[in-house]
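Notes to accompany the following structure.
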Amino acid sequence: MMNSDISQNFRSLMIFTAAYVVLVAAIIMLPGKIPYEMVRENGPVETFSVGGYFLFCLFIVYFNVAGILRTDIAPGFFVLLLGLRELDFHARFTTMGMFKIKFFISTEVPLAEKLVVILFIVALVAYAFFFLRGKLGRFKADLLAGSSYAFSIACALGCLVFSKFLDGNSELFEYLLRIDESSQLPRAAEECMELFIPVFLVRALLQYAEKRLCSGRSPY
């Protein structure tokens, strides 16, 4: 059974990988300035990403209200933060992006603002630590057992890490691939990778809910 689950996860990964490649290729092959419009800030791809995060939160609320599944507030809270981060919501309250090192060393940012952001980040990390402390063992066991929901979460985390790598190394990719600076390939690769983060998260939530229901366990 475990080998069957692992094989199914591998097939799913291949399908999503193919979908990612096709999506990136389709965007950069569009004529004129359409590729830029597709992957620009607040463009269609980013909008779909944000929609995916909020869809996850809606499912969390629905499952809990309907009694289908009882979850902690933490998953919905952290995914909501990811959606707000995608919208650059924090920029409404800070001088510049608070997730960049420049924010903490720049003289343009008031000291009081830096202290508030530091306290927020410390509180967030502490909350994440106490939440994950009791969950990581079970998640690791489920992942090694080939559980589909755990695999989807791992894929979402992988997309998150790889998208940040693409974001910080676009010039390197331009050099290695010998592409022009005006090419939208690096941007399309990054934005489409970010799009798959909420896709995998929503998939994981639905798979977890199905697992709980099929096992006959209490939603609590």
Here the FRET efficiency for L13 versus F104, based on Cβ atoms and R0 = 35 Å and rounded to 0.05, is 0.40
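Could you tell me how many cubic angstrom of Cα convex hull volume region 25-117 has per residue?
Working: hull volume 13.6 nm³, N = 93.
Dividing the Cα hull volume of region 25-117 by its residues yields 146 Å³.
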Rg (one decimal) and Dmax (whole number) from the Cα set of the chain, in Å, equal 19.5, 58
Please give the calculated 222 nm ellipticity per residue for the chain, where each DSSP H segment of at least 4 residues contributes -39500 (n - 2.57) and the sum is spread over every residue; nearest 500 deg cm²/dmol?
-25000 deg cm²/dmol
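Compute the normalised compactness of region 59-159: alpha-carbon radius of gyration over 2.2 N^0.38 Å, N being the residue count.
1.35
Normalised by the empirical 2.2 N^0.38 Å for globular proteins, what value does the Cα Rg of region 1-75 take?
Values: Rg = 17.8 Å, N = 75, 2.2 N^0.38 = 11.3 Å.
Output field value: 1.57.
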Full-extension gain in nm, E171 to K211, via 0.36 nm per residue minus C-alpha separation:
10.1 nm
Over 5 Å intervals from 0, what percent of Cα-Cα pairs in region 35-74 sits in each interval?
6, 23, 18, 13, 11, 10, 9, 7, 2
Could you check the simple spin-label distance between L132 and A154, using points 7 Å along Cα→Cβ, in nm with one decimal?
1.6
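Within 10 Å, count the other beta carbons around each residue, average over each peptide in 69-75, 123-129, and list them highest first. Write down the numbers at each step before the final one.
Working: 69-75: 15.1, 123-129: 11.1.
The packing order, highest mean first, is 69-75, 123-129.
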Taking 0.36 nm per intervening residue step and subtracting the Cα-Cα distance, what contour gain separates F54 from R85 on full extension?
10.0 nm
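For Y62 and L144, FRET efficiency with R0 = 35 Å and r from the beta-carbon atoms, rounded to 0.05?
Details: r = 30 Å, r/R0 = 0.87.
Using R0 = 35 Å, I get an efficiency of 0.70.
Average projected area of the Cα convex hull of region 103-197, in nm²?
Details: hull surface 37.2 nm².
The directionally averaged projection comes out at 9.3 nm².
Each value in this text was obtained by applying a stated rule to the coordinates, not by laboratory testing. Everything quoted here is computed from the prediction, not taken from an experiment. As a convention, Cβ positions derive from the backbone with ideal geometry for all residues, glycine included, and neighbour counts pool all protein chains shown.
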